Each structure stands twice: as structure tokens, then as C-alpha cells.
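The values are calculated or read from the model by the stated rules, or taken from the named source; none is laboratory data. In this text the structure is predicted, and so the values were computed from the model without any measurement. Every residue, glycine among them, receives a Cβ derived from its backbone with ideal geometry; neighbour counts consider all protein chains shown. In case anyone asks, the SASA skips ligands and DNA or RNA and just uses the protein heavy atoms, side chains included. Shrake-Rupley method; radii C 1.70, N 1.55, O 1.52, S 1.80 Å.
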Amino acid sequence: MIVNLRRSFNIKMSNLTDLESELGELLITNLNLEDIKLEDIDSEVALFNEGLGLDSIDALELGMLLSTKYGIKLQSDDPDFARIFSSLRTLAVYVESNRTS
Amino acid sequence: MNSAQISQKSIAWYIDHVIDQSLFESHVAQTRINLLQVHATKRPTRVLNLCENRYHFLVAFTASMLEGRMTMLPANRSEGEITRLTNNQNVQLINDSLIKGICQTVEVSSSELVKWNIGLVPTDMIVAELYTSGSTGLPIAHQKTWGQLVSGVQQVYKRFHFERIARLSIVATVPPQHMFGFEMSIILPLVYYGICIHHDQPFYPLDIQRAINEVSAPCILVTTPTHLKACITQEYNWKNIEQIISATSPLSEELASQVESIMRTKAKEIYGCSEVGAIATRRVTKKTTWSLLHDFSLSVINEDAWLNTVATNKKTSLPDKLEILSDGTFRLIGRATDMVKIGGKRGSLAELTAHIKSLEGVEDAVVFKLDYQANQRERLAALVIAPGFSSRQVRDALTKIIDSVFLPRPLYTVEDLPYTSSGKLPIADLLTYLKDHKKEAETSC
């Protein structure tokens with residue numbers, strides 16, 4: 001018998017905007033986050049290390065996803081780079097203002 | 001930067017200028033005087049080189065060797081790793097901010113300038129130490145003598161015919177602290193003075209492209225399959241790449257052939273390990289099996305692969321299963337059961353399991369590998385018994401003590417584990433258990 005304590009641990013109604021939800025689903029589906037549910041993700045949660053636990057390989061994968069889906073080419077010397085990836089919310093803001101497709 | 005600036009005496013592309021050999025030697029001398037010789041008594045015998053800038057790393061490493069110090073190459077930059085390496089040891093830490101001022105000087109200082117050549121360092125001096133995961137949870141240290149490192153890159157140099165390429169530049173996406181990056185972007189320019197390295201560690205395709213455009217052709221791109229996969233996903237205008245040298249995991253034939261056509265170059269690979277460095281090479285679009293470098297011979301005993309270093313007759317156990325073919329080349333079949341390699345870092349399932357079990361509140365746990373797919377990262381799953389705790393809490397606690405590349409996904413908290421009557425957890429049972437759980441989780445949504 002398996003118990004998923006996560007559901008009872010941090011139940012919250014989704015506070016995500018449409019684009020944040022879309023990006024959240026994109027991460028869960030493509031970065032093997034199958035044990036995380038979209039409704040458990042807070043838009044302020046950190047994407048890397050603590051938070052969703054993403055790592056540098058995911059950062060490259062995420063770069064490919066943003067490039068394929070939104071036509072965005074990331075550069076790590078962008079002065080805002082660290083802030084873009086700090087949460088789902090900041091990522092959504094960046095995608096919204098830089099998407100070409 | 002422009003290519004007119006580079007000559008046979010250049011050693012690095014640094015910020016907006018080219019560093020030539022005498023300026024490099026001056027930076028090394030200044031580092032010795034101002035950073036390494038400042039301790040009046042009890043000088044540290046070891047240097048922990050945390051420099052991310054490749055030129056800073058090169059200067060700090062060379063200065064350390066000339067001061068008779070051993071350089072420690074941390075497996076990652078986590079607080080835990082740094083504490084472990086500096087704890088109870090006579091260690092001096094050097095990072096970018098400490099050495100930046102010296103390396104940004106553009107005037108050659110004439111005092112105590114030593115003309116670099118590989119003979120300045122004794123071949124039997126231990127110049128570096130790096131670390132791999134051990135099954136007990138304690139990292140294993142691997143020490144490198146200067147002679148071993150020199151001989152390693154000499155073989156790679158000959159194998160890839162670098163002697164035919166004049167004024168070679170190196171752009172590397174791998175850190176200098178990793179054995180592959182250490183050999184190909186630090187030891188190589190020290191042994192073959194005149195090879196010019198780019199100071200940065202570019203990450204995204206646009207970063208890589210910028211670095212390649214900053215150096216003069218011909219350029220060698222030292223990278224990994226993960227970076228290459230990203231490089232071919234969208235249109236980038238690749239030019240001037242003489243060859244690609246990829247390592248950390250094998251390229252599939254399909255990816256290699258896409259890379260060769262889109263990036264207009266040859267995709268070559270190195271197979272190696274932290275214990276030995278480069279062991280074998282291939283160009284998979286021409287031949288799928290690996291050719292050993294001349295220093296080595298191979299044997300397989302009871303499915304375990306052993307590498308013999310001919311000169312020293314030293315035998316090293318390899319973490320992979322392999323098949324030796326009649327023409328002397330070999331094929332990689334898979335990884336030894338307990339080992340996992342993600343992002344160029346090697347871990348042991350037993351060690352990861354031990355880390356989870358060490359968390360307060362965890363009663364039992366198991367970490368296992370999911371089916372591997374070509375060009376994808378190896379994936380791990382974990383089942384944890386931790387009454388009263390959620391999988392999220394377990395994961396949050398775990399991110400503090402392990403490298404995040406090894407974080408199992410998925411990680412589920414469960415009430416029991418599928419032990420057999422003999423107390424074992426066969427992989428087939430674990431995979432079934434996980435599949436059943438996923439179904440259950442999906443239907444209960």
C-alpha cells in the first residue's frame with residue numbers, strides 16, 4: 001500500500017496564471033517530475049536545487065524546450081539570468097516578454 | 001577580440017584580450033608571491049582550486065605545482081563538499097575573486113619570472129587529487145602525478161592528430177575540475193605550449209557560439225552529448241569548429257551524425273574515467289567501437305572489466321561492462337550494476353540509499369535505476385519509508401546532502417518495500433511496484 005503524503009502536506013488551490021500552468025506542465029512532462037502535481041507547485045517556488053530540485057542538465061533541457069516552443073534562445077551571460085530561473089513566476093514573465101512564437 | 005592578435009605564443013583568450021606566454025608566466029609568478037607564499041609559517045600543502053574561469057584555474061594550478069602544492073579538484077561546489085575538503089586539512093582555497101586582480105594585469109612583471117616548460121615539475125610529483133563516489137558513502141580520492149597527466153594528453157594529442165593543426169584554440173563547456181575538462185583544457189595547453197584556451201565555460205548554444213566566434217579558427221569544442229543535443233535543436237550558424245571532442249557518456253550514431261552535419265565538423269569521443277583519465281577514442285559515424293589509447297590493454301574477468309596501464313603494470317577496475325572484439329576494439333555494454341553516471345558525475349546506488357537512510361525519520365529506503373534510453377540522462381527512482389513525512393519533505397532534506405543531479409525522480413514515500421523472503425529487493429520487483437504505484441496515483445487524481 002502506497003501513501004502519497006504530498007497531497008496532504010501542501011494542499012493549495014492552484015494560484016498559477018495560464019502561462020505559469022503551461023510552463024509547469026511543460027517542466028513536469030519533460031523533466032521527469034512525474035511525482036510532482038501541478039496543483040502542488042507554487043508560482044514562487046524555486047526551480048533549481050531546493051524547490052523543484054532541477055539541476056544543470058535540466059537547465060539545458062529547459063533551454064531546448066523554450067527554444068522549440070517559444071522561439072527563445074537563452075544566454076547565460078544575460079544579466080537577468082539568475083532571476084529568470086528563480087521561480088515559475090519569473091520564468092513566465094521572461095517568456096511572455098521574449099517569446100517569438 | 002580579433003584573430004590578428006593570436007600568435008604561436010598565445011595561451012588564453014581572456015575577457016577582451018589575448019594572453020601570451022610571458023604574461024601568463026608573470027601571472028603565475030604573481031600568484032606564487034601574492035597568494036601562495038604569504039603564509040609566514042606552516043604553509044598549506046594543498047590548494048582547493050574553485051576557479052570557474054578557466055584561465056584563472058590554469059594560473060592557480062600552474063603556480064601551485066611550481067610551489068610544490070597539490071591541487072584538489074572538488075566533485076561539486078556544494079557546501080558539504082567544500083567543508084569536507086577543507087576540514088582538518090592543511091588547505092588553501094583559491095577562487096576567482098582572489099586571483100582575478102592578478103590575472104587582469106596586462107603588464108609583465110620582470111621579477112622572479114620562470115619560463116614555463118613541462119620539465120619544471122617532477123614527473124612523480126602528485127599534482128592533483130579528484131574524488132569519486134564510493135559505495136560506503138565516503139568519496140574515494142584519486143591522486144594524479146604530473147607524469148601520468150602529461151602522458152595522458154600526449155596520447156590524446158597524437159590520436160586526434162593535433163600536430164597537423166597550427167594555432168589551435170580550445171573552447172570547453174566542461175569544468176576544469178572535472179577529469180575530462182582538466183585534461184583537455186588545462187593539461188593540454190601546458191604540455192603543448194601554444195594551444196590557446198577560451199577563459200569561459202559556455203553553457204547554452206548561444207554562449208558556445210559566442211565563445212567560438214571570439215577565438216580564432218581552428219577551434220576544438222570540448223563538450224558533452226547533453227550540450228550537443230541542445231546545439232542542434234534550433235538553427236544556429238556553426239562555423240570554424242575543427243573537431244568536437246565529446247565525453248561523459250557515449251553519443252548515439254544518430255546524434256553524432258546530426259551533429260556532424262549541422263555543426264559542420266567531425267564528432268569524436270573520449271571514453272575515460274576519473275581514476276585513469278582518457279582511455280579510448282572513437283568517431284562513431286565511422287566506426288562504432290572504441291579504440292584503446294596505446295598506454296593501455298584490457299581484460300574482462302568474470303564480466304568485470306580491468307584496464308592495465310602498460311608502463312606501470314597497474315590494473316584499474318572499470319565501472320562499465322564491456323565486450324572486447326577480435327580487432328582489439330571494444331564495445332560498451334552497460335554500467336556495473338551499482339554505478340550510475342549523470343552529468344559526468346559518477347555515483348553509487350548504495351551510497352545514495354545510505355544518504356536517504358541517514359535522514360532523520362527515514363526507516364528504510366531503496367534507490368534504483370530506471371530503464372536507460374539513448375542520449376537521455378540515466379534516471380533514478382527512490383522508494384522511502386518515512387512515517388509522518390511526505391516525499392517532498394524527504395526530497396527537500398536530500399537536496400541539502402547530495403548533488404542535485406542524483407536526486408531520484410520519482411521519489412515516493414511508501415509503507416513497505418517489496419522484499420523477497422530472502423531479504424532482497426530485485427530490480428524487476430521494484431519496477432513493478434513503482435509502475436503499480438504510478439497507476440494508483442493517476443487513477444486517484
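Quick notes
- All positions within the stretch A:52-67 that are polar (S, T, N, Q) and open to solvent by less than 20 Å² (accessible area, probe 1.4 Å): A:S67
- With a requirement of 1 or more residues that are in contact (Cβ under 8 Å) with a residue 60 or more places away in the chain and within 23 Å of B:H294 (Cβ to Cβ), the strands (runs of 3 or more DSSP E) lying completely within the stretch B:123-196 that satisfy it span B:126-132, B:140-145.
- Across the stretch B:308-343, the number of residues qualifying as within 12 Å of B:L298 (Cα to Cα), assigned to a loop (DSSP other than H, G, I, E, B) and more than 21 Å from the chain's Cα centre (by Cα) comes to 5.
- Taken over the stretch A:76-90, residues that are under 10 Å from the mean Cα position of the chain (by Cα) and β-branched (V, I, T) amount to 1.
- When the stretch B:395-431 is filtered for residues that are within 34 Å of the chain's Cα centre (by Cα) and either under 11 Å from B:A365 (Cα atoms) or small (G, A, S) (or both), the ones remaining, listed by number, are B:A397, B:S404, B:L411, B:Y412, B:T413, B:L425, B:A428.
- Enumeration of residues in the stretch B:322-340 that are of a type outside the set (A, V, I, L, M) and modelled with pLDDT under 85: B:G334, B:R335, B:T337, B:D338
- Leading residue by the ranking (nearest to the other protein chains (Cβ to nearest Cβ)) among those in the stretch A:29-41 that are surrounded by fewer than 18 Cβ atoms within 10 Å (Cβ to Cβ) and more than 21 Å from B:P205 (Cα to Cα): A:E34
- Residue match in the stretch B:369-377 (condition: closer than 20 Å to B:T337 by Cα, modelled with pLDDT of 90 or more and of a type outside the set (D, E, K, R)): no
- Residue in the stretch B:94-112 that is open to solvent by 10 Å² or more (accessible area, probe 1.4 Å), within 28 Å of A:I57 (Cα to Cα) and either among the aromatic types (F, W, Y) or touching a Pro at 6+ places or on another chain (Cβ under 8 Å) (or both) present: no
- The stretch B:289-321, residues that are open to solvent by 50 Å² or more (accessible area, probe 1.4 Å) and either touching a residue at least 12 places away in the same chain (Cβ under 8 Å) or small (G, A, S) (or both): B:H294, B:V300, B:E303, B:D304, B:W306, B:V310, B:A311, B:S317, B:K321
- When the stretch B:45-68 is filtered for residues that are open to solvent by 10 Å² or more (accessible area, probe 1.4 Å) and over 17 Å from B:I197 (Cβ atoms), the ones remaining, listed by number, are B:T45, B:R46, B:L50, B:L66, B:E67, B:G68.
- Residues satisfying the criterion are present in the stretch A:57-65 (criterion: without any contact (Cβ under 8 Å) to a residue 40 or more places away in the chain and β-branched (V, I, T)).
Listed here are the residues, each with its yes/no results for (1) in the same structural domain as B:T83 (by TED's automatic domain parsing); (2) crowded, with 18+ Cβ neighbours inside 10 Å; (3) closer than 20 Å to A:D58 by Cα.
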position: B:V394; (1), (2), (3): no, yes, no
position: B:S404; (1), (2), (3): no, yes, yes
position: B:Y412; (1), (2), (3): no, yes, no
position: B:L417; (1), (2), (3): no, no, no
position: B:K438; (1), (2), (3): no, no, no
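- Evaluation of B:L411 against (1) farther than 13 Å from B:H355 by Cβ; (2) at pLDDT 90 or above (one fails), failing number: (1)
- Some residue of the stretch B:364-377 being assigned to a helix (DSSP H, G or I) and more than 8 Å from chain A (Cβ to nearest Cβ): no
- B:T145 vs. criteria among the polar types (S, T, N, Q) and closer than 25 Å to B:I342 by Cα: no
- Every condition in (1) over 21 Å from the mean Cα position of the chain (by Cα); (2) within 13 Å of chain A (Cβ to nearest Cβ); (3) not in a helix (DSSP H, G or I) holds for B:R210 except the one numbered (3).
- Against the numbered list (1) closer than 17 Å to B:K144 by Cα; (2) at pLDDT 95 or above, B:R54 comes up short only at (1).
Every residue, every condition in (1) out of contact with any Asp or Glu (no Cβ under 8 Å at 6 or more places or on another chain); (2) among the small types (G, A, S); (3) buried (at least 16 other Cβ atoms within 10 Å of the Cβ), yes or no:
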residue: B:I126; (1), (2), (3): yes, no, no
residue: B:A141; (1), (2), (3): no, yes, no
residue: B:R159; (1), (2), (3): yes, no, yes
residue: B:F162; (1), (2), (3): yes, no, yes
residue: B:A172; (1), (2), (3): yes, yes, yes
residue: B:P176; (1), (2), (3): yes, no, yes
residue: B:G181; (1), (2), (3): yes, yes, yes
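- Looking only at residues of the stretch B:191-209 that are touching a strand residue (DSSP E or B) at 6+ places or on another chain (Cβ under 9 Å) and hydrophobic (A, V, I, L, M, F, W, C), we find that the one that is nearest to A:D77 (Cα to Cα) is B:I208.
- Test: residue in the stretch A:58-65 that is closer than 25 Å to B:V414 by Cα, in a helix (DSSP H, G or I) and modelled with pLDDT of 85 or more: no
- Counted residues, the stretch B:12-36 - those being farther than 25 Å from B:M184 by Cβ and open to solvent by 10 Å² or more (accessible area, probe 1.4 Å): 5
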